[in-house]
Amino acid sequence: PVLPHDLFEAIQVLKHKLNAVILAHYYQDPDIQDVADYIGDSLELARKAANTNADVIVFAGVHFMAETAKILNPNKLVLLPDLNAGCSLADSCPPDQFAAFKAAHPDHLVISYINCTAEIKAMSDIICTSSNAVKLVNQIPKDQPIIFGPDRNLGRYVMEQTGRDLLLWQGACMVHENFSEKKIVQLKITHPEAEVLAHPECEPPVLRHANYIGSTSALLKYSQQSYNKSFIVATEPGIIHQMQKQTPDKRYIPAPPINNCACNECPYMRLNTLEKLFLAMKNSTPEITLPEHIRVAALRPIQRMLEMSV
Ligand code: 13P
Ligand code: SF4
């Protein structure tokens, strides 16, 4: 397709024409972050999606995020620039296997991390994100057994923080399990002044070295408020665009991956490009759709999350 010379300008024009809002996650390409109306972590983006007056939601993130926006807004057009922008963590929890796991533990409450498909949400009692998981689990009576899925690393972190025993689904994120503890330790030796910031989707050996653990928004906030001037960042490096933009005088070093690939960018998040975002708005496709019975069942645990995490 022939693309306009100034994509930024063309996207703004389409935004007004469609009465659209562009929501972007911190792991998106910097150009997409710069064109977005709101950038946030999963919880903030779900809140924005729940409260928007726009007719069209352009979701620059991955499929489960756009799906959450659609679950909250059945009558709005929700666009995802590339429908193949999935998630290895969501893929690590197939609905039929999770249904059997749940059936084997009928007395358990099911708390699912938002990084899962609508089918898994529909089987859950409460949805959580990395920024409210501890807070939500702490609100459940101590004698209530809990299944927590699909991320085993966030699950273990929540267990540590709450002192609760959770029955964990053994899923994981390929990006956050790819950070090298050894290389982080080496970086700490060459940069003794740097603080390590880590996302709870990282494995325990990496989290052990962290000065601060939190969701993408929490890591950003910490980096801005800290008196420290340099940081080793153990999450997808898209977040560094905002960190650097807000505090250009500070130094942000991406935590190195185990293998020798160029970086720890999420291959799914990065499928979205500014060009695809423009084309999605121009052509009103690809659009997120889902069966109404799944949508209705998945809405309940999302609403519970929004109520419980005010
Ligand atoms: P948060 O932005 O909620 O911390 O989520 C991180 C993530 O992996 C999203 O895919
Ligand atoms: Fe999924 Fe991991 Fe990518 Fe987040 S970073 S979208 S959890 S694969």
- request: Collect the residues in the stretch 220-239 that are surrounded by fewer than 20 Cβ atoms within 10 Å (Cβ to Cβ), assigned to a helix (DSSP H, G or I) and in contact with a strand residue (DSSP E or B) (Cβ under 6 Å, 6 or more places away or on another chain), keeping them in residue-number order.
  value: Tyr222
- prompt: Which numbered condition trips up Pro1, out of (1) crowded, with 16+ Cβ neighbours inside 10 Å; (2) under 18 Å from Thr285 (Cβ atoms)?
  reply: (1)
field: Candidate set: the stretch 85-126, residues that are touching a Ser or Thr at 6+ places or on another chain (Cβ under 6 Å) and more than 16 Å from ligand 2 (Cβ to nearest atom); chosen: the one farthest from Leu306 (Cα to Cα)
entry: Val110
- request: Kindly indicate which of Glu44, Glu119 is within 23 Å of Thr289 (Cβ to Cβ) and not hydrophobic (A, V, I, L, M, F, W, C).
  value: Glu119
message: Quick check on Lys276: is it touching a residue at least 24 places away in the same chain (Cβ under 8 Å), more than 16 Å from ligand 2 (Cβ to nearest atom), of a type outside the set (A, V, I, L, M, F, W, C) and under 23 Å from Ser88 (Cα atoms)?
response: yes
- request: Identify, by number, the condition in (1) within 16 Å of ligand 1 (Cβ to nearest atom); (2) buried (at least 24 other Cβ atoms within 10 Å of the Cβ) that Ile71 doesn't meet.
  value: (1)
- request: Considering every residue within the stretch 65-75, establish whether at least one is free of Cβ contacts under 8 Å to residues at least 24 places away in the same chain, within 22 Å of Thr285 (Cβ to Cβ) and not acidic (Asp, Glu).
  value: yes
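Let's see how each residue does on (1) surrounded by fewer than 23 Cβ atoms within 10 Å (Cβ to Cβ); (2) more than 13 Å from Leu299 (Cα to Cα); (3) outside the structural domain of Gly155 (by TED's automatic domain parsing):
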{"residue": "Phe59", "(1), (2), (3)": "no, yes, yes"}
{"residue": "Lys76", "(1), (2), (3)": "yes, yes, yes"}
{"residue": "Lys102", "(1), (2), (3)": "yes, yes, no"}
{"residue": "Cys116", "(1), (2), (3)": "no, yes, no"}
{"residue": "Glu119", "(1), (2), (3)": "yes, no, no"}
{"residue": "Ile127", "(1), (2), (3)": "no, no, no"}
query: Can you name every residue in the stretch 219-239 that is away from ligand 1 (no atom under 14 Å from the Cβ) and either within 19 Å of Thr190 (Cβ to Cβ) or in contact with a His (Cβ under 7 Å, 6 or more places away or on another chain) (or both)?
result: Asn228, Lys229, Ser230, Phe231, Ile232
statement: Taking the stretch 243-287 and keeping only residues that are buried (at least 16 other Cβ atoms within 10 Å of the Cβ), within 16 Å of ligand 1 (Cβ to nearest atom) and not in a helix (DSSP H, G or I), one is left with Pro254, Ala255, Pro257, Asn264, Glu265, Cys266, Tyr268, Asn272
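Matching residues to (1) touching a residue at least 12 places away in the same chain (Cβ under 8 Å); (2) assigned by TED's automatic domain parsing to the domain that holds Lys102:
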site: Met159; (1), (2): no, yes
site: Glu181; (1), (2): yes, no
site: Thr190; (1), (2): no, no
site: Pro200; (1), (2): yes, no
site: Ala210; (1), (2): yes, no
site: Ser217; (1), (2): yes, no
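The values are calculated or read from the model by the stated rules, or taken from the named source; none is laboratory data. It should be emphasised that the depicted structure is a prediction, and the values quoted were computed from it without experimental measurement. All Cβ positions, even for glycine, are placed from backbone atoms using ideal geometry, and neighbour counts span all protein chains on display.
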